[in-house]
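Each reported figure results from applying straightforward, stated rules to the coordinates on display, with no laboratory input. Given the structure is predicted, the values throughout are model-derived calculations rather than measurements. Note that each Cβ is placed from the backbone with ideal geometry, even for glycine, and that neighbours are counted across all protein chains shown.
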């Protein structure tokens, strides 16, 4: 049975609780952040840290803390994937008509808006939230504030805010029978000096509704018109967290190393054996915390006894688990210990990143779709900001495409050599360009004049 339409949900006279219940009808099933994902994401919530599952030892009324080793592997792979996708900033390629001046101006305005809202930082943060909590919503809104920073006079300053379960937000997309987003709702709470207040905001193409619950049920707080004609935000989701099914491997590493830590604590204290037929009196230097003394009958022999453990087997087991995690996720292991052993060229490094680039391509579909929608949302705001100035047609006609470039370590020397080889070993930049790219000269023109003067002096010196 399909859900109600917006007209049915917002039918006049319906109680607020009934409206909100319909808006909360979520048709996509995602793993719960609070009940499942955060327990895998945060190392402090891993099983090895749970004293109910893995209690400390108690002997003679004294509590001895056991070794607890937890890894932030899930958090690490999320950071690395966000870096692979957005370490090189996403490129929004605007393609204005060469003969349309207004389209060129609109392209400049849009680039400036994204730059001023620090979209590159926003992209990295919401990528982390998407990969960890499986869903994220970015709301765009205007603030009444005169500004000229976009290249034109405007009474509105654009801002954006990202919501995700990681921030304690509950997200409720509402899709129609064709899979189009018709409404989006956000449930969140705010704590004030008077107590906790619960809010429920809903955005449609033409209205923004807000309900407030101060302890006695939801009541309608505000309804405002949306002038852009679109839901002023973008929603993106994925069916499971980025680390997928590798959490058991992480837990296995933690259990093995934690238990090994217990063995070390128990056995790294040296045992002194004194082999003698008579009772030996030991001095005050005896310290039960740093050593144990055992007396055995023998012919006056004394030595330290050390514990022998299978270190190689443990190291092999741990390294196999670690490499399996990154291999299954198609994410490179960039730890210093692993990368310092790699002695290869820039082209060789590209080969090492092939699997990671395939993973970025797999993820980029939903990300590009998000950026496409976001550009159209910002274009709709730009229409309002330029209302009455004759830019509507240029805004609608401006074409663009989004390009996500996977992060790669480049070898500039090899890249330049390849370019020169392709053009018959001819220079690929002027002398002035090389001085500018060098970054050592604060005044490139002055440096070029001084180089020319030096060359003249050298000629006359000959």
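Highest average first, the peptides 126-136, 427-437, 229-239 ordered by how many other beta carbon atoms sit within 10 Å of their residues are 126-136, 229-239, 427-437. Each label point was placed 7 Å from the Cα along the Cα-to-Cβ direction; for residue 421 and residue 49 their separation is 5.0 nm.
For residue 88 and residue 58, the FRET efficiency from 1/(1 + (r/R0)^6), where r spans their Cβ atoms and R0 equals 56 Å, is about 0.55. Based on alpha-carbon atoms, the Kirkwood radius and the radius of gyration of the range 1-133 give Rg/Rh equal to 1.21. For the pair residue 455 and residue 101, the difference between a 0.36 nm per residue extended length and the Cα-Cα distance amounts to 122.9 nm. Each label was represented as a point 7 Å from its Cα along the Cα-to-Cβ direction; for residue 79 and residue 214 these points are 4.3 nm apart. The relative contact order of the range 113-173, computed from alpha carbon pairs under 8 Å that lie at least 6 residues apart in sequence, is 33 percent. Rg and Dmax of the range 153-202, based on Cα coordinates, read 15.0, 45 Å. One Cα centroid belongs to the range 217-256, the other to the range 152-182; the line between them spans 11 Å. Comparing Cα centroids, the range 356-403 and the range 98-150 end up 9 angstrom apart. Take each peptide in 320-326, 82-88, count the other Cβ atoms within 10 Å of every residue, and average; sorted highest first, the result is 82-88, 320-326. Note on 18, 46: ascending count of other Cβ atoms within 10 Å places them as 18, 46, the fewest first.
Each pair of Cα atoms in the range 60-130 enters the Kirkwood radius, and Stokes-Einstein at 37 °C and 0.692 mPa s then converts it into a translational diffusion coefficient of 204 µm²/s. Taking a point 7 Å from the Cα of residue 24 along the Cα-to-Cβ direction, the residues of the range 180-201 with backbone N closer than 20 Å to it are 182-191, 196-201.
Spin-label model, residue 199 to residue 65: label points 7 Å out along the Cα-to-beta-carbon direction sit 4.1 nm apart.
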